[in-house]
Amino acid sequence: MTNLTLVLGAGGKTGRRVARRLRDGGVAVRAGSRSGTPRFDWTDRATWAPALDGAGAVYISYFPDLAAPGAAETVGAFAGLAAPRRLVLLSGRGEPEAQRAERLVRDASPDATIVRCSWFAQNFSESFLAEPVAAGAVYFAADAVREPFVDVEDVADVAAAALPEPGHEGRLYELTGPRLLTFAEAVREIARATGREIGYTPVSVEDFTAAMDGEPEDVVALVTYLVTEVLDGRNERLADGVREALGREPRDFAEYAVTLR
């Protein structure tokens, strides 16, 4: 197998961390993006083969999300072209469309590794909740539901281990943090760790999406889907994926919170 690994979404939350770990481990990395060389674009299939050329492994991260319309078919088609390379797919926990994408990838490449993740802790600092946290007032459409927030650093550690190392073929790693937290509890932990006053107010889905006025329709639709479907309690359980893949416990949310100081 060639030493070159194609990392899709190399500028994203997980992709840039995966790429950094691989490079630090001596693995050659090709950044798969519309600004990369060669260019990679999910919407332009003519870019797929040139980006794959010479690569022995691929980290598959789909933007904006595997729940987006047509994502499963697109990722499945890409996996068909990418096989028989070693494939690692970033997937979402409790998302039926993401699980359908997993099946299509496995149909194309039975040895693919699936990294199925719960809600990222870094969504509070590197995504749409970052601005409210910085402003000290978070309004979100989640009340009593508890989520086992996973640290993106753990996600990157698992993916970066599965790409170059044998022994992860055909495995499904379901990644969570070590405990369940409500969103209000998570915000309180951030406030305590940073010494700042940050309030949390649960709101209706309608009020939350109304506050996204000006955002692209597909983004609003995706966020609406995630808060109405995925945050319904289906993920209120812990999983052992980090320990199975790495032989250690997952990072606690408190460890993430102190990085925001």
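The values are calculated or read from the model by the stated rules, or taken from the named source; none is laboratory data. Owing to the predicted nature of the structure, the values given are computational and were not obtained by experimental measurement. As a convention, Cβ positions derive from the backbone with ideal geometry for all residues, glycine included, and neighbour counts pool all protein chains shown.
Tabulated data
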quantity: Complete set of residues in the range 212-232 that are among the small types (G, A, S) and within 18 Å of G70 (Cβ to Cβ); calculated: A221
quantity: Those residues of the range 105-142 which are more than 19 Å from the chain's Cα centre (by Cα) and acidic (D, E), in sequence order; calculated: D107, D111, E131
quantity: Top-ranked residue of the range 239-261 - restricted to ones that are in a loop (DSSP other than H, G, I, E, B) and among the basic types (K, R), ranked as farthest from V133 (Cα to Cα); calculated: R248
quantity: Residues within the range 186-238 that are outside any loop (DSSP other than H, G, I, E, B), modelled with pLDDT of 95 or more and surrounded by 15 or more Cβ atoms within 10 Å (Cβ to Cβ), tallied; calculated: 10
quantity: Scan of the range 31-46 for residues that are surrounded by fewer than 22 Cβ atoms within 10 Å (Cβ to Cβ), touching a residue at least 24 places away in the same chain (Cβ under 8 Å) and not small (G, A, S), ordered by number; calculated: W42, R45
quantity: In the range 120-146, the residues that are in contact with a helix residue (DSSP H, G or I) (Cβ under 8 Å, 6 or more places away or on another chain), among the hydrophobic types (A, V, I, L, M, F, W, C) and part of a loop (DSSP other than H, G, I, E, B); calculated: A121, F128, L129, A141, A142, V145
quantity: Checklist (1) among the charged types (D, E, K, R); (2) under 22 Å from A71 (Cα atoms); (3) more than 17 Å from the chain's Cα centre (by Cα) applied to E174, failing item; calculated: (3)
quantity: Matching residues, the range 67-114, being assigned to a loop (DSSP other than H, G, I, E, B) and either of a type in the set (A, V, I, L, M, F, W, C) or surrounded by fewer than 17 Cβ atoms within 10 Å (Cβ to Cβ) (or both); calculated: A67, A68, P69, G70, A83, P84, P110, D111, A112
quantity: Single condition E95 does not satisfy, out of (1) of a type outside the set (A, V, I, L, M, F, W, C); (2) under 14 Å from the mean Cα position of the chain (by Cα); (3) at pLDDT 95 or above; calculated: (3)
quantity: Close pairs (6 angstrom Cβ cut-off, 6 or more residues apart or separate chains): surrounded by 15 or more Cβ atoms within 10 Å (Cβ to Cβ) in the range 50-66, basic (K, R) anywhere; calculated: G56/R85; A57/R85; A57/R86; V58/R85
quantity: Residues that are among the hydrophobic types (A, V, I, L, M, F, W, C), out of contact with any Gly (no Cβ under 6 Å at 6 or more places or on another chain) and crowded, with 18+ Cβ neighbours inside 10 Å, drawn from the range 239-259; calculated: A239, V242, A245, A257
quantity: One residue from F183, F208 being of a type in the set (A, V, I, L, M, F, W, C), touching a strand residue (DSSP E or B) at 6+ places or on another chain (Cβ under 6 Å) and under 26 Å from F253 (Cβ atoms); calculated: F183
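Condition check ((1) free of Cβ contacts under 8 Å to residues at least 40 places away in the same chain; (2) among the acidic types (D, E); (3) closer than 28 Å to E102 by Cβ) across all residues:
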| site | (1), (2), (3) |
| --- | --- |
| E153 | no, yes, yes |
| Y173 | no, no, yes |
| G177 | no, no, yes |
| L181 | no, no, yes |
| G199 | no, no, no |
| T224 | yes, no, yes |
| N235 | no, no, yes |
| D240 | no, yes, yes |
| L246 | no, no, yes |
